[in-house]
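The values are calculated or read from the model by the stated rules, or taken from the named source; none is laboratory data. Small disclaimer: the values here were computed from a predicted structure and weren't measured. Virtual Cβ from ideal backbone geometry, glycine too; neighbours counted across all protein chains shown. Note: accessible area is taken over every heavy atom of the protein model, side chains too, but ligands, DNA and RNA are not part of it. Shrake-Rupley method; radii C 1.70, N 1.55, O 1.52, S 1.80 Å.
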Amino acid sequence: VVLVGLVKLGIVSSKTLAQSRKMAIVLIFIAAAILTPSPDPFSQCLLAFPLVILFEISLFISARVESSH
């Protein structure tokens, strides 16, 4: 929701988000490693994968919003 709002306001473009995809995924996995209570990689992936999917969905919606302007 935040990313789509930033695209609607013209603060960031969907092209910029797509170019920073690798960095976003790394940051998502770092955040998942910090936020999970156990050190096992399985629980970290259980948190990170849905966040990556949400990022990709917001990227798709942002591109659609941007093309409608």
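Give the residue that is modelled with the highest pLDDT, with candidates limited to residues of region 22-69 that are among the aromatic types (Phe, Trp, Tyr) and loosely packed, with under 15 Cβ neighbours inside 10 Å.
Phe49
Considering each residue of region 16-40, count those that are farther than 23 Å from Leu6 by Cα and among the hydroxyl-bearing types (Ser, Thr, Tyr), and give that number.
Qualifying residue count for the region: 2.
Output the qualifying pairs, or none if there are none: Cβ atoms under 7 angstrom, residues six or more apart or on different chains, first residue in region 41-69 and in contact (Cβ under 8 Å) with a residue 24 or more places away in the chain and within 15 Å of Val2 (Cβ to Cβ), second residue open to solvent by 50 Å² or more (accessible area, probe 1.4 Å) and basic (Lys, Arg).
From region 41-69, the pairs are Val65/Lys8.
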